[in-house]
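First the structure, in the form of structure tokens, and then the observations on it.
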């Protein structure tokens, strides 16, 4: 009797664990892949943070590489940003200045807005210091 009880508990526990893992990420909002290049006065900016903030929901972020290229990440292992209008900011990582100052109209008082569509999106951010 105890032996069959143990096996039943193991079976139930296994079913609970497997169902909690799930088959996919159904909790994710609709996302679009977002890539591009960040330049300031025509020169690529390396090491800056690019954030895509939707009207509702969590932001997606990226860091630029040595050529100013970025590829936005929504969460660990998931690339993309929320589909729909996003406010975009470009800034140096906390505590770093890494290069030329980024004008407020691209970070604190950003005027950058992009409409992310399902599928692939390319948004090149061409900033001017003046």
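Of all residues being crowded, with 18+ Cβ neighbours inside 10 Å and over 16 Å from residue 111 (Cα atoms) in segment 67-93, which is farthest from the chain's Cα centre (by Cα)? Just the residue, please. Looking at residues that are crowded, with 18+ Cβ neighbours inside 10 Å and over 16 Å from residue 111 (Cα atoms), I get 68. With the structure loaded, tell me whether residue 38 is buried (at least 18 other Cβ atoms within 10 Å of the Cβ), modelled with pLDDT of 95 or more and farther than 20 Å from residue 116 by Cα or whether it fails that test. Answer is no for this residue.
Can you find even one residue in segment 96-104 that is part of a strand (DSSP E or B) and either modelled with pLDDT under 95 or surrounded by fewer than 18 Cβ atoms within 10 Å (Cβ to Cβ) (or both)? Don't jump to the end; show me each part of the working.
Looking only at segment 96-104, we keep the residues that are part of a strand (DSSP E or B), and these are none.
The answer is no; no qualifying residue exists.
If the requirement is being within 18 Å of residue 36 (Cβ to Cβ), surrounded by 11 or more Cβ atoms within 10 Å (Cβ to Cβ), touching a residue at least 12 places away in the same chain (Cβ under 8 Å) and more than 15 Å from the chain's Cα centre (by Cα), which of these qualifies: 64, 110?
On the way: 64 fails: more than 15 Å from the chain's Cα centre (by Cα).
Only one candidate qualifies: 110.
The values are calculated or read from the model by the stated rules, or taken from the named source; none is laboratory data. The structure displayed is predicted, hence computed values, not measured ones. As a convention, Cβ positions derive from the backbone with ideal geometry for all residues, glycine included, and neighbour counts pool all protein chains shown.
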